[in-house]
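See structure below.
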Amino acid sequence: QVQLVESGGGLVQAGGSLRLSCAASGRTFSASAMGWFRQAPGKEREFVATINSSGGFKSYADSVKGRFTISRDNAKTTVYLQMNSLKPEDTAIYYCAAARILSSRYGQYDYWGQGTQVTVSS
């Protein structure tokens, strides 16, 4: 089992940057693919980025490609989401999640954090 705790959210102006962290506990972190999802008010949860267990493969939603970077440190059992050139439409609650396989599909993820709010002002 994996427990996940996100941090690093906040209020930032458009064009600014934030780095989200997701600290994981549990023995299976290094074997797990990790993903970031987000959910804006009144919208469904959507895929943002994912990274495989070794960190050697990453995939991004088209809406964040070139602006966001996912990474992981297995020694620290932490996954990160560096967000640059933020836009008001990036405003959402951001969740990290763990899965057995690399996927952009919500249903493939077994464990979820509680989420961290990101608000981008125009």
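Overall, the accessible surface of the chain at a probe of 1.4 angstrom is composed of carbon and sulfur to the extent of 47 percent.
This model, with +1 at the C-beta of Lys and Arg and -1 at the C-beta of Asp and Glu, gives the chain a dipole about its Cα centre of some 220 debye. Stretching SER30 away from ASN52 to a fully extended chain increases their span by 7.0 nm, per 0.36 nm per residue minus the current alpha-carbon distance. Note on GLN108 and GLN1: the model spin-label points, each 7 Å out from Cα along the C-beta direction, lie 2.5 nm apart.
Approximating the spin labels as points 7 Å out from Cα along Cα→Cβ, the ALA61-to-ARG19 distance works out to 2.3 nm.
Find me the longest stretch of the chain that has none of the exposed trypsin sites (Lys or Arg not before Pro), where exposed means in a DSSP loop (not H, G, I, E or B) with at most 14 other Cβ atoms within 10 Å. Result, exposed sites excluded: 1-26. For the chain, the Kirkwood hydrodynamic radius from C-alpha pairs, put into Stokes-Einstein at 20 °C and a viscosity of 1.002 mPa s, yields a diffusion coefficient of 153 µm² per second. Using a probe of 1.4 angstrom and keeping all protein chains present, the accessible surface of the chain works out to 51 square angstrom per residue. Ranked by solvent-accessible area (1.4 Å probe, protein heavy atoms only, all chains present), the residues ASP90, ASP73, ASP110, ASP62 order from largest to smallest as ASP62, ASP110, ASP73, ASP90. Among the GluC sites (Glu not before Pro) within the range 1-87, those in coil by DSSP and having at most 13 neighbouring Cβ atoms inside 10 Å are GLU44.
The values are calculated or read from the model by the stated rules, or taken from the named source; none is laboratory data. Small disclaimer: the values here were computed from a predicted structure and weren't measured. Neighbour counts run over all protein chains shown; Cβ positions are idealised from the backbone, glycine included. Each accessible area value is taken on the protein alone, full model and side chains, heavy atoms only, with ligands, DNA and RNA left out. Shrake-Rupley method; radii C 1.70, N 1.55, O 1.52, S 1.80 Å.
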